[in-house]
Amino acid sequence: MNLSIGWIGAGKMGEAMIERLLDGGVSVSVWNRTPEKCAALIERGATAAATPAVAAAENVVFSIVLDDSALRDLYEREDGVLSGSATVWVDCSSVSPGAAKAAAEAAAAKGVKFVSAPVSGNPGVVRAGRLIFAVSGPPAAIDSARPYFDVIGRAVHVVGDSNQASVVKICTNALLGVLMETLSEVAILGEKSGVKREALLNFINDSAVGSPFSTYKTAALVNLDFTPTFTSEAQRKDLRLALSLADEAGASMPLVFATEKEFDRLVTSGVGAGLDIASAIAQVALDSEIEITPEN
Ligand SMILES: NC(=O)c1ccc[n+]([C@@H]2O[C@H](COP(=O)([O-])OP(=O)(O)OC[C@H]3O[C@@H](n4cnc5c(N)ncnc54)[C@H](OP(=O)(O)O)[C@@H]3O)[C@@H](O)[C@H]2O)c1
């Protein structure tokens, strides 16, 4: 099957997802706000689109951008995603249910079907073909997008027919933040009590409370490599989305509340600004008055 697609957003996640499409033989027309970031993709076979509308000349257009306001910019600008001829717009950004609903309404006004399809997995997970999608939207539009989901990732979870996927993603990433903070705290507690981080984390990973997440973050926590795959700022954004959704829904989230405070401090103190979420351990170490060094 000859597949082609329009793509908006070539950040860390977008770039890795487009690589999967190109490697799977899909033709990709790509637009990114900062065009230079598309250079490697174009060398690999993607076509440069001059505007979001040009990327949306394909029948199906995907996007993955930072946050609510970036998503809104995509359709509010004159040469935006809804000025093309795409009939299906699939957005994979982690945004609030309100932002997804507003994008769906703007799309519907132009006769375009909107699918909310946030993802779980970092760029390394994408490149390993292990990305999963939480998907909601009109069933026929989801069917149109399915061949692309299948090339990029490993599983599609259809969770509703409007903006429910953004709720699922927000809940998942609230848990992620709490896990990252807790892993950092126990690693420092262990070290302050005479246990090497690697020994402690290897035991946790082999126990019932270990997880794929604790396992793949272990290297970063042991070697103190905070090269960003998912930044502290993006994690803070997702914790805030969870708290704001909790407010609207009347749900109690004391742990998520406390975790947001920690990620906010991580960013504003400068300790984890622009770095991977694993840098949470550096803030906990500072607060615990212990100097940590790479173990390997
Ligand atoms: N990294 C992860 O592990 C991960 C995992 C799952 C989900 N996510 C979610 O995926 C999304 C992208 O994350 P990422 O890690 O790829 O972030 P990133 O590397 O910072 O990329 C952000 C992208 O958004 C674009 N953007 C930001 N503001 C914009 C605007 N006003 N108009 C148009 N484009 C705009 C950026 O364009 P420029 O290049 O011009 O700045 C870039 O393409 C986020 O919602 C994040 O929460 C990330």
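The values are calculated or read from the model by the stated rules, or taken from the named source; none is laboratory data. Since we're looking at a predicted model, the values are computed, not measured. All Cβ positions, glycine included, derive from the backbone under ideal geometry; neighbour counts span all protein chains shown.
The set of residues from the range 1-46 being crowded, with 17+ Cβ neighbours inside 10 Å and among the hydroxyl-bearing types (S, T, Y) comprises just one member, S29.
Count, please, the residues in the range 18-37 that happen to be touching a Phe, Trp or Tyr at 6+ places or on another chain (Cβ under 8 Å) and not in a loop (DSSP other than H, G, I, E, B). If you could, list the steps in order and put the result at the bottom.
If we filter the range 18-37 for residues that are touching a Phe, Trp or Tyr at 6+ places or on another chain (Cβ under 8 Å), which is where we start, we get 18, 21, 26, 28-31.
Still in the running and not in a loop (DSSP other than H, G, I, E, B): 18, 21, 28-31.
Count: 6.
Being in a loop (DSSP other than H, G, I, E, B) and either within 13 Å of the ligand (Cβ to nearest atom) or in contact with a Pro (Cβ under 8 Å, 6 or more places away or on another chain) (or both) holds for only one residue in L66, L71, and it is L66. When A234, A219 are screened for being within 16 Å of the ligand (Cβ to nearest atom), within 19 Å of the chain's Cα centre (by Cα) and either on the phi < 0 side of the Ramachandran plot or not assigned by TED's automatic domain parsing to the domain that holds A100 (or both), only A234 passes. Quick one: in the range 115-168, of everything that is buried (at least 16 other Cβ atoms within 10 Å of the Cβ) and at positive phi, which residue is modelled with the highest pLDDT? Looking at residues that are buried (at least 16 other Cβ atoms within 10 Å of the Cβ) and at positive phi, I get G137.
Condition check: over 19 Å from S120 (Cβ atoms), among the acidic types (D, E), within 16 Å of the ligand (Cβ to nearest atom) and out of contact with any strand residue (DSSP E or B) (no Cβ under 9 Å at 6 or more places or on another chain). Does E260 satisfy that?
Values: over 19 Å from S120 (Cβ atoms): yes; among the acidic types (D, E): yes; within 16 Å of the ligand (Cβ to nearest atom): yes; out of contact with any strand residue (DSSP E or B) (no Cβ under 9 Å at 6 or more places or on another chain): yes.
Yes; evaluated as a whole, the condition is true for this residue.
Of the residues T34, T87, the single one that is at pLDDT 95 or above, near the ligand (Cβ under 10 Å from one of its atoms) and either in contact with a Lys or Arg (Cβ under 9 Å, 6 or more places away or on another chain) or farther than 22 Å from I142 by Cβ (or both) is T34.
Residue count for the range 131-161, restricted to those that are in a helix (DSSP H, G or I) and not charged (D, E, K, R): 11.
Against the conditions (1) touching a strand residue (DSSP E or B) at 6+ places or on another chain (Cβ under 7 Å); (2) touching a residue at least 60 places away in the same chain (Cβ under 8 Å), G124 satisfies every one except (1).
Would you call A50 crowded, with 17+ Cβ neighbours inside 10 Å and more than 20 Å from the chain's Cα centre (by Cα)? When the stated conditions are applied, A50 does not pass them.
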